[in-house]
Amino acid sequence: ALEHDPELWDFAFRNRVLLATPTNLVAIARTVAMVWSQDKLAQEAREIGRMAGELHGRLKTASEHLKRVGGGLQTAVANYNKFVGSFERNVLTSARRLEDKGIEIGKGAIEDVPEIEASPRYADTPALALDEPVGESQSA
């Protein structure tokens, strides 16, 4: 057909038609299949990249929340221990003085209230370490 009509290539190209022999058609079909496969892989890689970025953002948000919770726990423990010290100095000493005088003030001795010595584990994790020590915040 090309020998009888040299313009056939141009006409086919303008109309987005690929002229091929049966032998060439198989090679072209395989090439197209491979290109489609590569395109699908590229799309999946982009989707994985998008999902990884989304996961990273969520992990960052979660670590910030965890850091604030840990800071709150550390502040709560520090304030609890301050209260225990104040309770020991101001309240229990008065109660013990009454007991020393033989005044019965209740059904038994008042037990000591222990301080809490545990601290949140994130202090060992650099990514979650507090920016400033507890008790030194600007809100004080």
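A few remarks follow.
- Inter-part distance where the stretch 83-118 and the stretch 1-58 are each reduced to a Cα centre, Å: 84
- Percentage relative contact order, the chain, counting C-alpha pairs under 8 Å, at least six apart: 24
- Table column - 3J(HN,Hα) (Hz), the stretch 30-44, Karplus curve with 6.51, -1.76, 1.60, x for Gly and Pro: 5, 4, 4, 4, 5, 4, 4, 4, 5, 5, 4, 4, 5, 4, 5
- The calculated 222 nm mean residue ellipticity attributable to helices in the chain amounts to -20500 deg cm²/dmol, summing -39500 (n - 2.57) over DSSP H runs of n ≥ 4 and dividing by all residues.
- Residue among 17, 86, 106 farthest towards the positive dipole end of the chain, charges placed on Cβ: 106
- Candidates 23, 31, 61, ranked by Gaussian network fluctuation over the chain, Cα under 10 Å, top entry: 23
- Among 24, 15, 90: highest mean-square fluctuation, GNM of the chain, C-alpha pairs under 10 Å: 15
- At R0 = 35 Å, FRET efficiency that the Cβ-Cβ distance of residue 65 and residue 112 yields, to 0.05: 0.50
- About its Cα centre, the dipole of the stretch 1-83 is roughly 1040 debye, where the only charges are +1 on Lys and Arg Cβ and -1 on Asp and Glu Cβ.
- Dipole of the chain [Lys/Arg +1, Asp/Glu -1 at C-beta], most positive-end residue of 42, 26, 53: 53
- Residue 8 versus residue 20: modelled label distance in nm, points set 7 Å from Cα along the beta carbon direction: 1.7
- Candidate values [x] 1.17; [y] 1.64; [z] 2.04 were compared with Rg/Rh (Cα atoms, Kirkwood Rh) computed on the shown model; the agreeing label is [y].
- For the chain, a simple Cβ point-charge model (Lys and Arg +1, Asp and Glu -1, everything else neutral) yields a dipole of about 260 debye relative to the Cα centre.
Each value in this text was obtained by applying a stated rule to the coordinates, not by laboratory testing. These numbers were taken from a predicted model, which means no experiment stands behind them. Neighbour counts are summed over all protein chains in view; Cβ atoms, including those assigned to glycine, are modelled from backbone coordinates with ideal geometry.
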